[in-house]
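Okay, structure first, notes after.
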Amino acid sequence: MRYGFLITSALNTKFGVHTTEQRLQQTLDTISTVKMHCPDAHITLVEMAGIPITPEQKKRFQDNVNLVVDFSGQEAVKEVFKSDNWDVVKNVTEVMCFGELLKIIATHPSYNGIDRFFKLSGRYILNEGFDINTYDESVKDKIIVAKRRLSQFAPQITGGCQYQFMSRCWSFPANILPEIQEVYKNSLTFMMERLNNKGYVDIEHCLFKFLPLNKVVEKDTMGVQGLLGPNGILVKD
């Protein structure tokens, strides 16, 4: 099977405890661990920060991946970035840009022949718990996510969403790409509805709400770890 890794990045940002150079190196470390665990993977770096990346920064990514898809200069991304709410900026930007990436995947020849796509958050690394050999023919039609978690919010805030799927690392078969496109389209609509009604919902809650649960396999351990942007705390899935 051929695997594609879609690594989301927000390199230049006003949020978080990590410097730009730290964020860049952490993301290069992400890429390195993908190559270690899956040497033949096709790797896409998806840049979606509100401050556009520089040519020098872009080249450092291009030297290490198959393709860089840069949304950081788009007006819609810069408009969302004007908000001072980190959660809103992160979630709206990622859902919006990843949805656009899925449209590109549907037509770009670089993705021909890929059987499974992994969404992996930049600055996180694959650890010893990740095993590419478990993504074989037995789960070829399945979406693989970390085991669901209870929401930390009251249902009236999230529009009734009581569970969530962690979005740091999850994967889907290429043959259901249109369904995943719908997941992100619906997620963006729902996210904006919640914000307009003084509520809140994030990517994790949207994944649980909109992914087709009959195609989902939940794993106890995904094999990913990293430092949270707002506070630097180490987390593992």
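Between the beta carbons of residue 147 and residue 88, assuming R0 = 22 Å, the FRET efficiency works out to 0.25 to the nearest 0.05.
In the chain, helical runs assigned H by DSSP with n ≥ 4 each contribute -39500 (n - 2.57); averaged across all residues and rounded to the nearest 500, the mean residue ellipticity at 222 nm is -11500 deg cm²/dmol. Between 15, 208, 98, the GNM of the chain built on Cα springs shorter than 10 angstrom shows 15 fluctuating the most. Span-like helix criteria (full DSSP H runs; alpha carbon extent of at least 20 Å along the helix axis; mean Kyte-Doolittle hydropathy of at least -0.5) are satisfied in the chain by 86-107, 177-196. Across the chain, C-alpha contacts under 8 Å between residues 6 or more apart give a mean separation that, scaled by the residue count, equals a relative contact order of 24 percent. Decide, for the stretch 52-142, between rounded, prolate and oblate: order the square roots of the alpha carbon gyration tensor eigenvalues as a ≥ b ≥ c, take rounded if a/c falls under 1.5, and otherwise choose prolate if a/b is larger than b/c, else oblate. The shape class here is prolate. Is the C-alpha gyration tensor of the chain telling us rounded, prolate or oblate? Criteria: a/c under 1.5 is rounded; beyond that, a/b larger than b/c is prolate, otherwise oblate. Rounded shape, in that the Cα axes give a/c under 1.5.
For residue 233, the shell of other residues with beta-carbons less than 15 Å away shows a net charge of +2, using +1 for Lys and Arg and -1 for Asp and Glu. Loop sites here are trypsin sites (Lys or Arg not before Pro) outside DSSP states H, G, I, E and B with no more than 10 other Cβ atoms within 10 Å. The longest part of the chain free of them is 83-197.
From the alpha carbon centroid of the stretch 43-104 to that of the stretch 4-36 is 12 Å. Would you work out if the stretch 154-228 is rounded, prolate or oblate? Take a ≥ b ≥ c from the square roots of the eigenvalues of the alpha-carbon gyration tensor; rounded if a/c is under 1.5, else prolate when a/b is larger than b/c, oblate otherwise. Note, shape of the stretch 154-228 comes out oblate.
All of the numbers you see were taken from the coordinates with simple rules; none came from a lab. Since this is a predicted model, take the numbers as computed values, not measurements. Cβ atoms come from the backbone with ideal geometry, glycine included; neighbour counts cover every protein chain shown.
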